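Okay, structure first, notes after.
The values are calculated or read from the model by the stated rules, or taken from the named source; none is laboratory data. This structure is a prediction, so every number in the text was calculated from the model and none was measured. Here the Cβ positions follow ideal geometry from the backbone for every residue, glycine too, while neighbour counts run over all protein chains shown. Ligands, DNA and RNA are excluded from the accessible area calculation, which covers all protein heavy atoms including side chains. Shrake-Rupley method; radii C 1.70, N 1.55, O 1.52, S 1.80 Å.
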Amino acid sequence: MIRAPQDWIVTKRDGRSVPFEPSRIQAAIANAFRAELNLATGQPLESDVSDEIVALTQAVANDLAVQAEASNVTVERIQDLVEMELMARRHFRVARRYILYRAEHTKMRAVRGSISPIDDEQRIYVVLRDGTRVPFDQQRILARLEEACDGLDEADPAGLLQEVLRSVFNGISIDEIYRVQVLAARTRIERDPAYDIVASRLMLKVIYNEALSGAPSGQKLASLYRDQIEHYIIAGIRAGRLDPGLRELNLTQIADALQPQRDELFAYLGLQTIYDRYLLHVDSRRIETPQYFWMRVAMGLALGESQDVEARAIEFYDVLSQFNFTSATPTLFNSGTPHPQLSSCYLTTVADDLDHIFKSIGDNARLSKWAGGLGNDWTSVRATNAHIQGTNGLSQGVVPFLKVVNDAAVAVNQGGKRKGAVCSYLETWHLDLEEFLELRKNTGDD
């Protein structure tokens, strides 16, 4: 119990007077220790650390008691004394955390204090997904940014808010506001790595809002994650995006194995990449979260097992979701879908025959559609100026056909998910080798 007169009054920055509460000082000091020890908010501290926090709080109260104005002190004076006591007891790193925490909250108060009433003609409106227009709420954006910056002393939610405000316009959509917040954090990653965590947290909120129709945290997120997986699978099957065989698995057992906290293993770039390329979507709305994505891949791989399909799926999931191993892109794209093409590369030999040449180009297009990488050996095709018996003319060689192959790869581009990949091979004794090598040179607009 901290000993302090019960009639002390503290004057806050806004001029209000409130009773002196040692517990608030104690909580602030404890948060500074947790930040230095890399502990989550509310996580228990070691007994010796807790005892030291109590002693520090009592020392601050004693310092106040010897002042003539102790019956009416300011918040700033209390915070100054906390900093001095931390330094006096040689908790230099904790004192730095406390100073940063204090400065951060000063900035946030300044941002809140700068918000002034806006009349109806000046008010900015946000368009929701159903077309409803609602007033833009800075405080709501700030709360979201503060949550994303929680525990990261180097991150500045007030500064991020100012960047967001520079990009907001009347009629902005709710999705654009989410995107602006992510971009504001992303542009600061080079300044401090902490913003990579901020950007990834904001990106996860975007994914959760799309896939789960909500973005809670903690235990609520875990419950929503597990409750929604059956809806996700049913919706995916109805849309033709998931293999109906997934519905036959024990989804309760599958749901219990999900580990939503593993979403936080992704850096921002990883989340953005799977959002752009890998998460299944219906009408441009993602229906998968990162853990649904890993579990869908795992279930698809396990469908061919003769027994204990769920156990094997969970085993695959644990390996994938902890980044101990990652499958190649075709597997990530197609496992668990109605077209489970899992192979990465296809090697073919093109015959010296016009029908086979264009059959090979057509095969390339179909294989590329399902994310296959391609390799074609063109050595069998006759060289430039070779005789064509059927027309009694001269061949144009391999190079003109390779330009058609390249255009087909650009057009199909692996099902609209990423660029097509085709390798063309020619033996060194082929007469078109020099012209073939010239194709590697930059000749203008790729």
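Some points to look at:
- The lone exception for L128 - which of (1) within 27 Å of T289 (Cβ to Cβ); (2) modelled with pLDDT under 90; (3) open to solvent by less than 50 Å² (accessible area, probe 1.4 Å) it fails: (3)
- Residues that are open to solvent by less than 10 Å² (accessible area, probe 1.4 Å) and farther than 23 Å from N38 by Cβ, drawn from region 183-205: A184
- Residues that are part of a helix (DSSP H, G or I), open to solvent by less than 50 Å² (accessible area, probe 1.4 Å) and not aliphatic (A, V, I, L, M) within region 224-252 comprise Y225, Y232, G236, G245, listed in sequence order.
- S360 small (G, A, S) and either out of contact with any helix residue (DSSP H, G or I) (no Cβ under 9 Å at 6 or more places or on another chain) or closer than 24 Å to I274 by Cβ (or both): no
- Residue within region 101-119 that is modelled with pLDDT of 80 or more and either under 24 Å from Y195 (Cα atoms) or surrounded by 16 or more Cβ atoms within 10 Å (Cβ to Cβ) (or both) present: no
- Of all residues in region 353-379, those satisfying the criterion of being farther than 27 Å from L332 by Cβ, in a loop (DSSP other than H, G, I, E, B) and either at pLDDT 95 or above or open to solvent by less than 20 Å² (accessible area, probe 1.4 Å) (or both) are W378, T379.
- Residues that are at pLDDT 90 or above and open to solvent by 80 Å² or more (accessible area, probe 1.4 Å) within region 428-446 comprise T428, W429, L431, E434, E435, L437, listed in sequence order.
- Residue match in region 383-405 (condition: in contact with an Asp or Glu (Cβ under 6 Å, 6 or more places away or on another chain), modelled with pLDDT of 95 or more and of a type in the set (S, T, N, Q)): no
- Evaluation of T337 against the conditions (1) loosely packed, with under 14 Cβ neighbours inside 10 Å; (2) assigned to a loop (DSSP other than H, G, I, E, B) shows that the sole unmet condition is (1).
- Count of region 260-307 residues, restricted to those that are within 20 Å of P340 (Cβ to Cβ), β-branched (V, I, T) and in a helix (DSSP H, G or I), is 2.
- L374 being touching a helix residue (DSSP H, G or I) at 6+ places or on another chain (Cβ under 9 Å) and within 16 Å of S344 (Cβ to Cβ): yes
- Within region 380-399, restricting attention to residues that are open to solvent by less than 40 Å² (accessible area, probe 1.4 Å) and not in a loop (DSSP other than H, G, I, E, B), the residue that is nearest to F436 (Cα to Cα) is V399.
- Of all residues making up region 400-427, the number that are surrounded by fewer than 17 Cβ atoms within 10 Å (Cβ to Cβ), touching a helix residue (DSSP H, G or I) at 6+ places or on another chain (Cβ under 9 Å) and more than 24 Å from D276 (Cβ to Cβ): 2
- Of the numbered criteria (1) in a helix (DSSP H, G or I); (2) of a type in the set (G, A, S); (3) more than 16 Å from R296 (Cβ to Cβ), the one A313 fails is (3).
- Of the residues making up region 213-223, those that are open to solvent by 40 Å² or more (accessible area, probe 1.4 Å), part of a helix (DSSP H, G or I) and at negative phi are Q219, K220, S223.
- Test result for R226, modelled with pLDDT of 95 or more and basic (K, R): no
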